[in-house]
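A short write-up of the structure that comes next.
We did not get these values from a lab; they are worked out from the coordinates using the rules stated. Note that the structure is a prediction, hence the values are computed from the model and not measured. Every residue, glycine as well, gets a Cβ built from its backbone with ideal geometry; the counts of neighbours run over all protein chains shown.
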Amino acid sequence: MSDSNPAPSLYAAREPIFPRRVSGTFRNLKWIIMAVTLGIYYLTPWIRWDRGPSLPDQAVLLDMANRRFYFFWIEIWPHEFYFVAGLLIMAGLGLFLFTSALGRVWCGYACPQTVWTDLFILVERWIEGDRNARLRLHRQKKLDLRKVRLRLTKWIAWLLIGLATGGAWVFYFADAPTLARDLVTGNAHPIAYTTMLILTGTTFFFGGIAREQICIYACPWPRIQAAMMDEDTLVVGYREWRGEPRGKGKRTADSELGDCIDCMACVNVCPVGIDIRDGQQLECITCALCIDACDDMMAKIGKPRGLIDYMALSDEANERAGKPPKDVWKHILRPRTIMYTSMWAAVGFALLFALFIRSDIDLTVAPVRNPTFVTLSDGAIRNTYDVRLRNKHGEGRVFKLSASGDPSMRLQIEGTLYDVVNVPADTAQLTRVYIVASKDAAPSNTANTPVRIWVEDLTSGERAYKDTTFNGRGN
């Protein structure tokens, strides 16, 4: 190909988006959700919760050093990770449910990328002005003192938000007041500073620079959402049969123009820069700001609201014929959403059931396999077990160990003549245990004999057990 006809570029340069300020029902709802979610994120590590003298008093804490997860009155141990897995399953099913009912409503209102991008745009609007002012500043080629001052002020504000974001994150992994003091005095662990630095940079880039690019290109959910939706899903759409043909002419009785006056208000407020009048698009995050903008314009020209609205594809034929759409709850309560709700509730009830029936004492038993058994000098057979006792109480407890199964077997604890172990508060203690059967009393018909090891809390009387096997034969 000659130099005079260069090959067309396969990549279109990004055109920055500067959404215009809008007010209305959905914008107010987004402000409320943003305030609540950011408040929860930034303030939760500072909530105190009294668990006793030997336990942390932070309400929500991921204690990596001691391998604990504290959530108010709930304490999750490493072997109880199925609670976390269950919560993740519930989160996935909840996302499926909301998407099947209302499209990408999660993306438009509660996704962290959306929340922080909204916050960054709000700061940008405070400093540089609304859409037109920001557009003029962006198109200004001359780098004068005013432009440098506005940009530096905006970037510093963004960096402070990013720093607060990274700081709040590390407070979930250590006692917040103590870590805050260590961070200020320079005594915190390097991992804390590194984590804050990384999150400050990613928050600045994702919320301030990349913005809608994360939703369009980096997030996989737009590609998956189609499998969750059908013709009864309520999504933001444009009533073409009412708005077309669009135009700016005067509406009269003889006019053929539709209600859309082509004011571009819906496009100017869109945070991803699409035109909802072109139909459903992968980029749409269902934030509904275009509904607020269009409703405001319809009120000004004396037309009914709803030219852009939440609607379902299945209602299109009725609306074109002038008939009312189906009731909203008929769209929401349908087999698909009922199935997702049932699955979500089933997992939730299972987790609650497991939470309420779990014991405050627990044990695991690991037979020592090298050697499998030992024949003592008197001919007795001895098996060795590593027993890990977990005391989930806020104070130390005395546990009694015993074995049941074959009456000829007796249990011994290494290093003591007694059958009790003192386990400190909220700890797991490893204990070496022996089970011995005399030569004549040891099982002779099989090499593997079932045995059950019991632990009893001598304070509360609560008991727990684990089944294992006794190896070796007598005679």
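So the values come out like this:
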item	result
Nearby lysines by direct alpha-carbon distance to Lys141 (threshold 22 angstrom, same-chain neighbours under 8 apart not counted)	Lys154
Relative contact order of region 361-471, defined on C-alpha pairs under 8 angstrom at six or more residues apart (%)	32
Spread of Cα-to-Cα distances over 10 Å intervals beginning at zero, given as percent, for the chain	3, 14, 18, 18, 15, 12, 9, 6, 4, 1, 0, 0
Where the Cα pairs of region 161-301 fall when distances are cut into 5 Å bins, in %	2, 8, 13, 13, 11, 10, 10, 9, 7, 6, 4, 3, 2, 1, 1, 0
Whole-Hz ³J(HN,Hα) from phi, Karplus 6.51 cos²θ - 1.76 cosθ + 1.60, for region 182-190, glycine and proline x	5, 5, 6, 8, x, 9, 6, 5, x
Dipole magnitude (debye, nearest 20) for the chain, charges at Cβ of Lys, Arg, Asp, Glu	1300
Translational diffusion of region 136-190, µm² s⁻¹ [Kirkwood Rh, Cα pairs; Stokes-Einstein; 10 °C; 1.306 mPa s]	116
Vicinal HN-Hα couplings computed from phi for region 37-53 (Karplus, 6.51 cos²θ - 1.76 cosθ + 1.60; Hz; Gly/Pro x)	5, 5, x, 4, 5, 7, 9, 4, x, 8, 6, 9, 8, 7, 10, x, x
Mean residue ellipticity (222 nm) of the chain, computed from DSSP H runs ≥ 4 via -39,500 (n - 2.57), nearest 500	-12000 deg cm²/dmol
Tilt relative to the chain, helix 145-170 - C-alpha long axis, 0 to 90 degrees, to 10	20
Per-selection Kirkwood Rh - region 333-394 (Cα, Å, 1 d.p.)	16.3
Long-range amide H partners of Glu462 with built H, under 5 Å	Asp457
Square roots of five times the Cα gyration tensor eigenvalues for region 305-357, Å	38, 11, 7
Sequence ranges 132-140, 94-102, ranked by mean other-Cβ count within 10 angstrom, highest first	94-102, 132-140
Contact order normalised by residue count of the chain, Cα under 8 Å, 6+ apart, percent	14
Using θ = phi - 60° and Karplus 6.51 cos²θ - 1.76 cosθ + 1.60, couplings along region 131-141 (whole Hz; Gly, Pro as x)	4, 4, 5, 5, 5, 4, 5, 5, 7, 5, 7
Chain lengthening between Arg305 and Thr416 when straightened (0.36 nm per residue, less Cα-Cα)	31.8 nm
Theoretical FRET efficiency, 1/(1+(r/R0)^6), r = Cβ-Cβ of His189 and Gln280, R0 45 Å, to 0.05	0.40
Mean projected area in nm² (Cα convex hull; one quarter of hull surface) for region 361-471	6.8
Two-site FRET efficiency, Thr364 against Leu88, from Cβ-Cβ distance with R₀ of 30 Å, rounded to 0.05	0.80
Between helix 82-102 and the chain: long-axis angle, C-alpha atoms, 0 to 90°, nearest 10	20
